[in-house]
1. Positive end of the dipole of the chain, charges at C-beta (+1 Lys, Arg; -1 Asp, Glu), about the Cα centre: which of 73, 51, 87 has its Cα farthest in that direction?
2. Using a 7 Å offset from Cα along Cα-Cβ at residue 84, what residues in region 22-66 end up with backbone N under 17 Å from the label point?
3. Can you tell me the convex hull volume per residue for the chain, based on C-alpha atoms, in Å³ to the nearest whole number?
4. So how much slack lies between residue 42 and residue 62, counting 0.36 nm per residue of separation and subtracting their Cα-Cα distance, in nm?
5. What net charge is computed for the residues neighbouring residue 36, neighbours being all others with C-beta under 14 Å from the C-beta of residue 36, Lys and Arg scored +1, Asp and Glu -1?
6. Mind jotting down the distance between the C-alpha centroids of region 1-33 and region 57-93, whole Å?
7. Averaging sequence separations of C-alpha pairs under 8 Å and six or more residues apart, then dividing by the length of region 34-93, give the relative contact order as a whole percent.
8. Calculate the dipole size of the chain relative to its Cα centre from +1 charges on Lys and Arg beta carbons and -1 charges on Asp and Glu beta carbons; express the result in debye to the nearest 20.
Amino acid sequence: MGGIASVLYGAVVYATLVLAYHPALDVPAFRRLGDYSYGIYVYAYPTQQAIASALGPMPPLLLFGLAFPAIFALAFASWHAIERPALRFKTPK
């Protein structure tokens, strides 16, 4: 990787971390709705593969557009039916 590419890569990584963790950029409304991140992580790959298998090869953005509503619905259901109820069994720190 060349010099300018390394600097650009480092800048993108740094900016991503700042946007993710800076306290002034926190949006509490997102946390009130639920934490769908794990469900999105778990269901994204199998959902995308099922769509690609059923419909054949397609551009990545089309696959994203077709898959994301289903992935989000699965993550929503997972949070409200499995993950949030399971947190009752977590021992407090």
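We did not get these values from a lab; they are worked out from the coordinates using the rules stated. Please read these numbers as outputs of a predicted model, since none were measured by experiment. Backbone-built Cβ (ideal geometry, glycine too); neighbour counts: all protein chains shown.
1. Comparing the listed Cα positions along the dipole, 87 ranks first.
2. 28-40
3. 181
4. Taking 0.36 nm per residue and subtracting the Cα distance, the gain is 5.2 nm.
5. Within the 14 Å Cβ shell, the charges total +1.
6. When both Cα centres are located, 23 Å separates them.
7. About 49 percent, as a whole number.
8. So the dipole magnitude of the chain works out to roughly 380 debye.
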